[in-house]
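Peer 1: Shown below is the structure under consideration.
The values are calculated or read from the model by the stated rules, or taken from the named source; none is laboratory data. Since the structure is predicted, the reported quantities are computational estimates derived from the model, not experimental observations. Heads up, the Cβs are rebuilt from the backbone with ideal geometry, glycines too, and the neighbour counts pull from every protein chain shown. Accessible surface is based on the protein model in full, side chains and every heavy atom, while ligands, DNA and RNA are left aside. Shrake-Rupley method; radii C 1.70, N 1.55, O 1.52, S 1.80 Å.
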Amino acid sequence: MIRRPLMLAATVATLVACATAPGVRSERADQVTTTSQPSPTPSPTTSPTTSSSPAGDELGDGIGDALFPDLGNPGLDVVHYDVELSYDPTTERVDGTVGLDVTLTSARDEITLDAVGLTASNVTVGGESVVAVADGPELRIPLPQPGSAGDSLRIEVSYGFENAQILSPIGFSIGWFNTPGGSYVLNEPDGARSWLPCNDHPSDKATYTFTIAVPAGLTAVANGTLTDHRTVGDQEVWTWQQDDPMATYLIQLLTGDYEVVDGTGPDGLPLISVVLRADKATMQQFIDVTPAMIDFFDGFFGPYPLDSYGIAMTDSFGGLAMETQGRSLFSRDDFLGGLGYTQQLLLSHELAHQWYGDAVSPARWVDIWLNESFATYAQWMWLEHAGFSLAGEEATFALENRPPGSSADPSAQDLFGYNSYDGGAVVLHALRLTIGDDKFFELLRRWATENSGGSRTTADFIDLTQTVAGAPMGDFFDTWLFAEQPPSEFPIGQ
Ligand code: ARG
Ligand code: ZN
């Protein structure tokens, strides 16, 4: 057993925090152009016609997410997105259209989409042009006729942007980033709305078709499978299809000199990875280790929950690691020195998120520990399996180093803090010791399989825990999850 030095107690939280910390590399930190505050004077988006927000408007600006009150849109269920964008890396300009198939969940005469700093040039509802209004973090779209709950509508928004990022309440800039060789998006938690008018909340998952045009010679990549690739004039147009329900924060969109590397994982699972062409030889080893990791997690968490998996190695600054659905996103810079502890940690962490975060997503951002603590625990299990460290020792270290605060109640700024990761993985380790391995892994399996495709809360997890344990677990969660300070020692294991 290779013991890692204590100094290497770096977590994904730390690594990821570095990725977007202002000053690490001034990739676009100086170009945040928008604010997430509602503008007091709505501006029309269809020129020259003008319009103002309806007086006495009953719409809220969100769906009541305590940490991100702007996010989501009342009465709206997006079923499918058609994202059609054209990117010019020389001007860094993006233009395109998003088409949304939506179902109303309540009677409305107007709907909103989350859209920050985006200029919409034309908006249609059911093919009819309407005058939409850019109103701070919302794009207000009047319906040509009042709609009822259950109605299906097609909305299309033509828009464009350059350098779309917002300064998220988590403290970092997120959104669309241009790189020396192309571009990528990093959306979690509230950055998709900086480049895509959408229902930007993980409680509303949808399927997607991405049709992305780039200059000839470049590749465009998005979640799912490549269903079409053609040359149109001096552009190449790449179409990717995501059929598994997906939250907006999990969108992957890359452009650059990428090669798509196809392979096969356990049980015939399609593996679709992308690496920069010049990196192919260096990155192959990380593609090669992926099937063993999937196989290992399959055994504990149930069958891999999505249609495909892969890794994407982008040319961002180091420290970027994100569980973009079906194909995790990493920075090539973190993978230039071979397959060591950090690479095993990052690869296993983001893979585990495909079960915990992607297949079953948080219903509210305050439930983030359901993503990060689970992926951290899975990462500990893989690191033990790979001979780097023992999960029990990782847990003891984390318990000793955990700052005060409940893992179930982070602030927006602490969303990706210690207690969402290692601090919450402590809760899972205590749970494992309390109910025993058989019930613990039955619980993790059932959580992923029974909720796949949906969005769930901490209360839902507690309910399932009680079902699997066959006993009330209120005291356990009060002591380990909700308390500001958990016990100083783990329970004696079963
Ligand atoms: N979910 C990512 C991970 O732990 C962290 C993303 C943090 N968000 C950000 N904008 N840096 O794997
Ligand atoms: Zn994570």
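Peer 1: Quick one: helix 437-450 against the long Cα principal axis of the chain, what's the angle to the nearest 10°, folded into 0 to 90?
Peer 2: 10
Peer 1: Turning to a different aspect of this structure: At a 1.4 Å probe, what is the % contribution of carbon and sulfur to the accessible area of the range 396-462?
Peer 2: On the range 396-462, the fraction of accessible area on carbon and sulfur atoms equals 44 percent.
Peer 1: With an 8 Å cut-off on Cα pairs and a minimum separation of 6 or more residues, tell me the relative contact order of the chain in percent.
Peer 2: 13
Peer 1: Roughly speaking, what is the centre-to-centre gap between the range 157-180 and the range 409-487 when only Cα atoms are used, to the nearest Å?
Peer 2: For the range 157-180 versus the range 409-487, the Cα centre distance is 33 Å.
Peer 1: Calculate, for the chain, the solvent-accessible area per residue in square angstrom, rolling a 1.4 angstrom probe over the heavy atoms of the protein chains.
Peer 2: 36
Peer 1: Heavy atoms only, probe 1.4 Å: what % of the accessible area of the range 65-186 goes to carbon and sulfur, would you let me know?
Peer 2: Percent of accessible area from carbon and sulfur atoms in the range 65-186: 51.
Peer 1: Continuing with the same structure: For the pair Gln284 and Thr467, what calculated FRET efficiency results from E = 1/(1 + (r/R0)^6), where r is the Cβ-Cβ distance and R0 = 45 Å, to the nearest 0.05?
Peer 2: E(calc), rounded to 0.05, equals 0.55.
Peer 1: Next question, about the same structure. So, with a 1.4 angstrom probe, what is the percent of accessible area on the range 261-373 that is carbon and sulfur?
Peer 2: On the way: 1450 of 2860 Å².
Taking all protein chains in place, the range 261-373 shows 51 percent carbon and sulfur surface.
Peer 1: Follow-up. Per DSSP H run of at least 4 residues, take -39500 (n - 2.57); add these up for the chain, divide by its residues and hand me the 222 nm value, nearest 500 deg cm²/dmol. All intermediate terms of the calculation are to be shown ahead of the outcome.
Peer 2: Details: 9 runs with 115 residues, N = 494.
Theoretical 222 nm ellipticity from helices: -7500 deg cm²/dmol.
Peer 1: A follow-up question, please. Using +1 on the beta carbon of Lys and Arg, -1 on that of Asp and Glu, and nothing else charged, what's the dipole of the chain about the Cα centre, debye to 20?
Peer 2: Computed about the Cα centre, the dipole is about 660 debye.
Peer 1: Let me make sure I get this right: for the range 343-494, a, b and c are the square roots of the gyration tensor eigenvalues over alpha carbons, sorted descending. Under 1.5 in a/c it's rounded, otherwise prolate if a/b > b/c, else oblate. Which is it?
Peer 2: On the way: a/c = 1.11, a/b = 1.03, b/c = 1.07.
Rounded shape, in that the Cα axes give a/c under 1.5.
Peer 1: Please compute the Kirkwood hydrodynamic radius over the chain, one decimal place, Å, based on all pairs of different Cα atoms.
Peer 2: 23.1
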